[in-house]
Amino acid sequence: MTDEIRIEPIREDHVEGFREALDIVARERKYLIFLEAPPIEASLAYVRDNIAGGHPHMVAVADGKVVGWCDIRRGSRNAEAHCGSLGMGIIPGYRDRGLGRRLITAVLDAARAAGMHRVELNARVENSRAIALYEKVGFEHEGIARHAVKIDGRYFDSVKMGLLFD
Ligand SMILES: CC(C)(COP(=O)(O)OP(=O)(O)OC[C@H]1O[C@@H](n2cnc3c(N)ncnc32)[C@H](O)[C@@H]1OP(=O)(O)O)[C@@H](O)C(=O)NCCC(=O)NCCS
């Protein structure tokens, strides 16, 4: 099934679809620190910056529609330029079919090829599906950030995870 879904480096013509997918996942209020997508101009600027700056950013495309994304932003300060920060999401209906694994593997391969040494991320502790995926591709638990997220007046803890390339 997922063979029909292509994993592609993001292009400017994906921006609208990328923003739409991000908005859908953000509005679920369960997974991301965004609760809605940024405006289209900001999304376009983000994608342009990723393309120009060589930050790995892939999208999953099914029948011309962006159904997921994964990106790694390289640290902007000199002493953190070997590190990248990963974010990803897949819209409902396309989860639990191995697409997350395909996306993250492609983006990690690109990060490694770009010479990054460390990739890190944060996930809400109750997001067991995401944490399981990150463990499977080699991330290790590095600690819990207590009350790192507040949504609808409730606090949630985040797990910090990191992966070092050999
Ligand atoms: C998290 C997410 C990216 C995972 O992608 P996915 O396509 O649904 O996951 P996959 O089908 O690739 O599954 C990945 C692996 O985790 C396993 N897995 C899934 N849920 C699991 C769970 N609750 N416990 C243990 N393992 C689990 C799968 O069996 C699979 O293992 P395998 O590759 O050995 O078969 C996707 O579900 C998603 O976007 N969720 C909502 C947004 C989100 O959580 N974003 C991340 C924020 S940190």
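The values are calculated or read from the model by the stated rules, or taken from the named source; none is laboratory data. Every value quoted in this text rests on a predicted model; they were computed, and no experiment measured them. Reconstructed Cβ throughout: ideal geometry from the backbone, glycine too, with neighbour counts over all protein chains shown. The protein model used for the area step is the full one, side chains on, heavy atoms only, and it has no ligands, DNA or RNA in it. Shrake-Rupley method; radii C 1.70, N 1.55, O 1.52, S 1.80 Å.
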Got a number for residues in the range 111-126 being under 21 Å from residue 91 (Cα atoms) and either open to solvent by less than 30 Å² (accessible area, probe 1.4 Å) or aliphatic (A, V, I, L, M) (or both)? 4
Is it fair to say residue 31 is more than 22 Å from residue 127 (Cβ to Cβ), under 15 Å from the mean Cα position of the chain (by Cα) and not charged (D, E, K, R)? no
Scanning the range 109-125 for residues that are among the aliphatic types (A, V, I, L, M) and closer than 16 Å to residue 148 by Cα, which turns out farthest from the ligand (Cβ to nearest atom)? 125
Could you run through the range 127-159 and say how many residues are among the β-branched types (Val, Ile, Thr), in contact with a strand residue (DSSP E or B) (Cβ under 8 Å, 6 or more places away or on another chain) and either open to solvent by 40 Å² or more (accessible area, probe 1.4 Å) or assigned to a strand (DSSP E or B) (or both)? 3
Of everything in the range 50-59, what is touching a strand residue (DSSP E or B) at 6+ places or on another chain (Cβ under 9 Å) and open to solvent by 70 Å² or more (accessible area, probe 1.4 Å)? Give them in sequence order. 51
Tell me which residues, restricted to the range 35-68, are closer than 22 Å to residue 115 by Cβ and of a type in the set (A, V, I, L, M, F, W, C). 47, 51, 52, 58
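Of the residues 136, 160, which is within 9 Å of the ligand (Cβ to nearest atom) and either in contact with a Lys or Arg (Cβ under 6 Å, 6 or more places away or on another chain) or basic (Lys, Arg) (or both)?
Working: 160 fails: within 9 Å of the ligand (Cβ to nearest atom).
On inspection, the qualifying residue turns out to be 136.
Looking at the range 27-41, which of the residues that are under 28 Å from residue 153 (Cα atoms) and assigned to a helix (DSSP H, G or I) is least open to solvent (accessible area, probe 1.4 Å)?
Within the range 27-41, the match that is least open to solvent (accessible area, probe 1.4 Å) is 40.
Pick from the range 2-13 the residues that are open to solvent by 10 Å² or more (accessible area, probe 1.4 Å) and closer than 12 Å to residue 67 by Cβ: which of them is modelled with the lowest pLDDT?
So the first thing to find is which residues in the range 2-13 are open to solvent by 10 Å² or more (accessible area, probe 1.4 Å), and the list is 2-4, 6-13.
Now drop any that are not closer than 12 Å to residue 67 by Cβ, which leaves 2, 4, 6-8.
Working: 2: 49, 4: 91, 6: 97, 7: 98, 8: 97.
In this case the residue turns out to be 2.
Scan the range 41-59 and give yes if some residue there is of a type outside the set (Asp, Glu), under 16 Å from residue 91 (Cα atoms) and within 15 Å of the chain's Cα centre (by Cα), otherwise no. Before you say what the answer is, go through the steps one by one.
Filtering the range 41-59 down to residues of a type outside the set (Asp, Glu) leaves 42-48, 50-59.
Still in the list and also under 16 Å from residue 91 (Cα atoms): 58-59.
Within this subset, residues satisfying the condition of being within 15 Å of the chain's Cα centre (by Cα) are 58-59.
Within the range 41-59 (the criterion being of a type outside the set (Asp, Glu), under 16 Å from residue 91 (Cα atoms) and within 15 Å of the chain's Cα centre (by Cα)), the answer is yes, since at least one residue qualifies.
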Given (1) in contact with a helix residue (DSSP H, G or I) (Cβ under 9 Å, 6 or more places away or on another chain); (2) among the hydrophobic types (A, V, I, L, M, F, W, C); (3) outside any strand (DSSP E or B), identify the lone condition not met by residue 123. (3)
Six or more apart or on different chains, Cβ under 9 Å: which pairs go from a residue in the range 60-89 that's at positive phi and open to solvent by 20 Å² or more (accessible area, probe 1.4 Å) to one that's aliphatic (A, V, I, L, M) and more than 9 Å from the ligand (Cβ to nearest atom)? Could you list them? 63/5
